[in-house]
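Heads up: the structure comes next, in structure tokens.
The values are calculated or read from the model by the stated rules, or taken from the named source; none is laboratory data. Quick caveat, the model's predicted, so the values are computed rather than measured. Note that we place each Cβ from the backbone using ideal geometry, even for glycine, and neighbour counts take in every protein chain shown. SASA here: full protein model, heavy atoms, side chains in, ligands and nucleic acids out. Shrake-Rupley method; radii C 1.70, N 1.55, O 1.52, S 1.80 Å.
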Amino acid sequence: MAPTPVFRKLRCYAIDPGLVGSLETEPISEVTIQLPWQPLKPGPQDDYLEVIDVDPASGCFYEPVKLDDPALLAQDGLPLSEGTPQFHQQMVYAVARLTILNFENALGRRTLWRHQTHPQKPHDDSLFCERLRIYPHALRECNAYYTPQRIALLFGYFRAAANDPGRHMAGGMVFSCLSHDIIAHETTHALLDGMNRNFLCPSNPDVHAFHEAFADIVALFQHFTFPEIVCHQMQATHGDIASQESVLSELAGQFGRGVGLRGALRGYIGQRVDDKWVRKQPDPAAYATTKEAHKLGAILVSAVFDAFLAIYRHRTADLLRLATGGGGILQPGAIHPDLAARLAEEAAKAARHVLTMCVRAIDYCPQMDITFGEFLRAVITADSDVVVNDDKNYRIAFLEAFQRHGIYPRDVPTLSIESLLWRGWDDDPKGQPSGLLTGQLLAVRKYVGSTIFFKDRKQHFNMERNLRATLHKRLKKCFNSPKAGADDAAYLGVNKDKPFEVRTARIAFRATPDGGTVPQLLVGLYQETEIPVDNLAPNGAKMLFEGGCTIIADLYARKIKYCVRKSIASTERQMRQQKFAAAAHACLRATYFDFRDEKEPIASIHRA
């Protein structure tokens, strides 16, 4: 009997179809994505994804691709084709599945989509959503977005602009579902929403910008998972990807040119000015003055990419010294293929580490009202927990890059690695929680063993739902304690006399560099209250004010490590949010809808 295959290989466009139209980039226009083997239903459809190819604009339903067909298995799926709907289905499935795989490797657990809403109970959103639906031809417009209402990805197609026809036919069709960057970007929106749906509630300018930035970070660093692309670009840039134009640092080239930008949709280390590529310089003042979500998010992406470039330079400094006889500066001309391969290997390794640091940090972020500075603290703290010895100075690279872009966290005395770490449970300036609270949280260790043997994601969903219910009962018991109940609730950032929700309760297994595993309990508490936008007009417009915390516990050491609070009693934070809400209500956009209650926030951000 033949053994079960280990992997499934599928052919895809490397970045997007725009690379095919250039002699320089045609050799790297195709990649083969390697995914864990599992049988697929037509669509394709697996345990995570379901591709449904309906085109509402034309009324067409395209026949689903059957990737388990022996003829397709023998040739790694369908060949590249801009005009074949079945290849479009293969493309969106392969890239979305690769993005999920990168998330799970970083998080140390299975990913879940946003919970579905009960059809008869609109406030009950605790139903299991097994698959994210993907519609490759859902829109006849230059857009693509994740919809939390349908828990689906909708991709558009449109006719290209007449300018810059070197990479596409003027007036030809551009399909967003053929862009690796756009697929990874939208899949990341869905994954992030499944991890924390509060990140779609804009309580400050950074919130929506963070969603956009994080999706770009994942798409950008997935470029480096393809060795052939990285090695080619090392040759093309003479080993210096930091100061020359490269597809590695750009997103959605064909889409950007198709809408008339004469370049990629977004570039993070440089831009074209009068048809000449110019290296961007960080502007420390831009973060405080930029408001639009994509432009503000671009500052965060640039900071993370600058950190990666610093890490890459540090990792390759010895290689350049060996290749140049100690000088460290390469001579003009083509670099040796062996050197290009080694530089590419180091760049791919550094990119994989940076991507893992960013994804893992989501578990260490506040439950709501996130800022870029808090994301930096989450990156530093999460990495310190897993990688004790930062011998390559990754954390310093992040600190310096964020500083160059003017991103500083609030409430830290100095800008150093030590001060950026979240305060531990034992040395928290807010004091110590009661022993009862600590005991009730750690009593759920019994759930750890069972998760190892779960075969499907629904078992994980049911375990997490039971864990949330158990923790809610235990925390309620703590809050009702006459001795320390009020103090414990305040420590966790909630009011014990008002309803609260255990919004997330997860168990993750973090892999350490020495081959060990750290089992963690991750709990998110949520509470909301309605307040006036203007305290001087208590009967005027209202807004939601949210509070709660993220709790991180080391289950092996039986220790609560961190409580990342956003207190419901914080008057300072309330005033900041009221100011932000007042500005939103004052703009013309608020005349037509309330931005916080909008049903399709990602679609609105993209269209804006």
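Between [x] 35; [y] 32; [z] 42, which entry matches percent of Cα pairs over 37 Å apart as derived from the coordinates of this structure? Answer by label: [x].
Converting phi to 3J(HN,Hα) with the Karplus coefficients 6.51, -1.76 and 1.60 and the offset θ = phi - 60°, the range 63-78 yields 4, x, 6, 10, 6, 8, 4, x, 5, 7, 4, 6, 10, 6, x, 5 Hz in sequence order, with x at every glycine or proline.
Calculated accessible area for the range 1-146 comes out at 45 Å² per residue, all protein chains present (probe 1.4 Å; ligands, DNA, RNA ignored).
The accessible-area ordering, largest first, of the residues D534, D385, D338, D55 stands as D338, D534, D385, D55, per a 1.4 angstrom probe. Couplings 3J(HN,Hα) for the range 152-160, derived from phi with the Karplus relation 6.51 cos²θ - 1.76 cosθ + 1.60 (θ = phi - 60°), are 8, 10, 10, 10, x, 9, 7, 8, 6 Hz, where x marks Gly and Pro.
Local charge for E572 was computed over the other residues whose Cβ lies under 14 Å away, with Lys and Arg +1 and Asp and Glu -1, and equals +4. The sum of -39500 (n - 2.57) across all DSSP H runs of n ≥ 4, divided by the residue count of the chain, sets its helix-only mean residue ellipticity at 222 nm to -12000 deg cm²/dmol. Its Cα centre serving as origin, the range 384-510 has a Cβ charge dipole (Lys and Arg +1, Asp and Glu -1) of approximately 900 debye.
The fraction of accessible area contributed by carbon and sulfur in the chain is 53 percent, rounded to a whole number (1.4 Å probe; ligands and nucleic acids excluded). Of the complete DSSP H runs in the chain, those spanning 24 angstrom or more by Cα along the long axis with a mean Kyte-Doolittle score not below -1.0 are 85-107, 205-222, 293-323, 337-361.
Values of log10 I(q)/I(0) for the range 50-120 across q = 0.15, 0.18, 0.19, 0.20 Å⁻¹ run -0.72, -0.90, -0.94, -0.98, by the Debye formula with one identical scatterer at each alpha carbon and no solvent. Cross-link partners of K9 among lysines, defined as those whose alpha carbon lies under 21 angstrom from its own and excluding same-chain residues fewer than eight positions apart: K41, K66. Straight-line cross-link reach from K496 at under 18 Å between alpha-carbon atoms covers these lysines, not counting any fewer than eight positions away in the same chain: K430, K473, K476, K477, K483, K566.
Put +1 on the Cβ of each Lys and Arg and -1 on the Cβ of each Asp and Glu in the chain; which of P148, F226, F61 then has its Cα farthest toward the positive end of the dipole? Of the candidates, P148 comes out farthest on the positive side. Its relative contact order, with pairs defined as Cα atoms under 8 Å and 6+ residues apart, puts the range 37-178 at 22 percent. Considering only T512, L415, S481, and ranking their Cα positions along the charge dipole of the range 387-513 that arises from unit charges at the beta-carbon of Lys, Arg, Asp and Glu, the one farthest toward the positive end is S481. Here the chain is treated with +1 on each Lys and Arg Cβ and -1 on each Asp and Glu Cβ, and its dipole about the Cα centre works out to around 1680 debye.
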